[in-house]
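Contents: one structure, followed by commentary.
The values are calculated or read from the model by the stated rules, or taken from the named source; none is laboratory data. What you see is a predicted model, and the numbers here were worked out from it, not measured in a lab. Every residue, glycine among them, receives a Cβ derived from its backbone with ideal geometry; neighbour counts consider all protein chains shown. Heavy atoms of the whole protein, side chains included, go into the accessibility calculation; ligands, DNA and RNA do not. Shrake-Rupley method; radii C 1.70, N 1.55, O 1.52, S 1.80 Å.
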Amino acid sequence: MPFDADSLGIPRASTRLLRDLVHERLGLYFGDDRLDQLADRLAPVVVQRGFGSLLDYYYLLKYDPEADAEWPRVMDALAVNETYFWREIDQIRAVVGTVLPPLVDRAGGRPLQIWSAPCASGGEPLTIAMVLDEAGWFARAPIRIVGSDASPAAIEKARRGRYRSRSFRNLPDRLRERYFQKAGEDWRVSDAIHGRITWDIVNLQNPADVARWGGSPIVFCRNVFIYFSDTSIRRTVDLLADAMPAGGHLCLGAAESLLRITNRFDLQEVGGAFMYVHRGSAERAATAAVPDDGTVRWNA
């Protein structure tokens, strides 16, 4: 039996309380015109947890010692897992063709890190890996790709590496044949490409989560800010700006802009695509931090 907001008799005031808590914790914002959508998505979770109202669930998330363990379930319910290969490919090509070469030179043989967040079920980081492989970069330099999402269910799917035909609507046929194998109704990505990705669960509103990978000189953060409020965007961008190196490149989706949000990044056309470049400072640009694994993540 499907559950929705009507089945719980949810008052609008309770929905707004939970809306504000979700906004504070996850950054996702549901305006008053989308409160019913929020309630409908969370109603099955409320029922599965044995609660009779959204207000009871709010109290669990707000005050209960089990709240931290419950938030991944909330994120799974609210996640928009739209992902497909070769999305906004011109920007990825610009990064690989124009941004990457001088960074590899600076790395001096140490691994270079590219972070894709959020990655849903993995379409973007796998696309990055395919473009890098097509350009021969994996044979020339050690490059680590990190794919992360706040939804544990999305990351579990990414780790499985199996995709339906809908995910290939933009991918050239020759690349599907090269990098994927048919597996029943699915396509399974080749181990050679899948193994290039490190998968992680990251909440972009959580400073500790962002700090794990935020020192990457190339960050893809595409098509998530359309679900955030300006306050949430500013919080995430500040966390990234605190962690990224001067001159680091932040790639957003075509429909996203930081022009009213921050002056810590400059919008530039690079290799025929637009991306944001971290202003930083000369001192920060000249300092390299090499952690125990040797991966280059310049100090912020």
Put +1 on the Cβ of each Lys and Arg and -1 on the Cβ of each Asp and Glu in region 130-259; which of 239, 255, 215 then has its Cα farthest toward the positive end of the dipole?
255
Measuring with a 1.4 Å probe in the full set of protein chains, what accessible area per residue, in whole Å², belongs to region 91-132?
24 Å²
For the chain, which whole percent of the accessible surface, found with a 1.4 angstrom probe, sits on carbon and sulfur atoms?
48 percent
Relative to the chain, whose Cα atoms define the longest principal axis, helix 230-243 and its Cα axis are tilted in degrees, nearest 10, by 40 degrees
Would you mind working out the magnitude of the charge dipole of region 83-203 relative to its Cα centre, with +1 at each Lys and Arg C-beta and -1 at each Asp and Glu C-beta, to the nearest 20 Debye?
200 debye
Accessible area in square angstrom per residue, region 176-250, 1.4 angstrom probe
39 Å²
DSSP-defined antiparallel bridges as percent of all bridges, the chain, nearest 5:
45 percent
Electrostatic dipole magnitude of the chain [Cβ: Lys, Arg +1; Asp, Glu -1; Cα centre; debye, to 20]
720 debye
Can you tell me, using C-alpha contacts under 8 Å and at least 6 residues apart, the relative contact order of the chain as a whole percent?
18 percent
Going highest first, how would you order 111-117, 14-20 by mean Cβ packing within 10 Å?
111-117, 14-20
By per-residue mean of other Cβ atoms within 10 Å, what is the highest-first order of 197-208, 260-271?
197-208, 260-271
Computed D for the chain, Stokes-Einstein, Kirkwood radius over alpha-carbon pairs, 37 °C, 0.692 mPa s, to the nearest µm² per second, is 161 µm²/s
